[in-house]
Amino acid sequence: MCRNIKTLHNFEPPASDEEVFLSSLQFVRKLSGFTRPSAANQAAFDRAVGKVSAAARELIDSLVTHSPPRDREVEAMKARARSAERFRTPPRHPT
């Protein structure tokens, strides 16, 4: 459920508003337990997503680092390699 919550700080180009929004949406979904809230809860859900998104943007914009920015493609390749290693099928032993 939290696949869109990713590190957004220190990338070139910087995190887009859409990336911040999608991470915030996943966070609120996880906290609330709702993928889609009922009509009675929609306003509260939307309000929470907006507030989390604003707080996340403020945080990302105010963080300071001395490290060089990371490259999104390089980080994506590393993540795919970790996933492939994690989910690889172990070799079968002859019986």
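The values are calculated or read from the model by the stated rules, or taken from the named source; none is laboratory data. The structure presented is a predicted model; accordingly, all values stated were derived computationally and were not measured. When we count neighbours, we look across all protein chains shown, and the Cβ atoms used for this are built from the backbone with ideal geometry, even at glycine.
Scanning the stretch 38-49 for residues being without any contact (Cβ under 8 Å) to a residue 12 or more places away in the chain and under 18 Å from Ser23 (Cβ atoms) gives a total of 2.
Of all the criteria given as (1) surrounded by 11 or more Cβ atoms within 10 Å (Cβ to Cβ); (2) of a type outside the set (D, E, K, R); (3) over 10 Å from the mean Cα position of the chain (by Cα); (4) within 25 Å of Pro69 (Cα to Cα), the one not satisfied by Val49 is (4).
Arg47 meets the conditions (1) outside any helix (DSSP H, G or I); (2) out of contact with any Lys or Arg (no Cβ under 7 Å at 6 or more places or on another chain) in every case but one. The failed one is (1). Against the numbered list (1) under 30 Å from Val74 (Cα atoms); (2) touching a Phe, Trp or Tyr at 6+ places or on another chain (Cβ under 6 Å); (3) of a type outside the set (Lys, Arg), Val49 comes up short only at (2). Can you pull out every residue in the stretch 50-82 that is in a helix (DSSP H, G or I), of a type in the set (Lys, Arg) and in contact (Cβ under 8 Å) with a residue 12 or more places away in the chain? Within the stretch 50-82, Arg57, Arg72 meet the criteria. Would you say Arg36 is surrounded by fewer than 10 Cβ atoms within 10 Å (Cβ to Cβ), assigned to a loop (DSSP other than H, G, I, E, B) and modelled with pLDDT of 85 or more? Yes. For the stretch 14-33, the candidate set comprises residues that are in contact (Cβ under 8 Å) with a residue 24 or more places away in the chain and surrounded by fewer than 17 Cβ atoms within 10 Å (Cβ to Cβ); within that set, the residue that is farthest from Ala76 (Cα to Cα) is Lys30.
Residue count for the stretch 52-73 under the criterion of being surrounded by fewer than 12 Cβ atoms within 10 Å (Cβ to Cβ) and of a type in the set (A, V, I, L, M): the result is 2. The residue that is modelled with the highest pLDDT, among those in the stretch 83-95 that are of a type in the set (D, E, K, R) and either surrounded by 10 or more Cβ atoms within 10 Å (Cβ to Cβ) or not in a helix (DSSP H, G or I) (or both), is Arg88.
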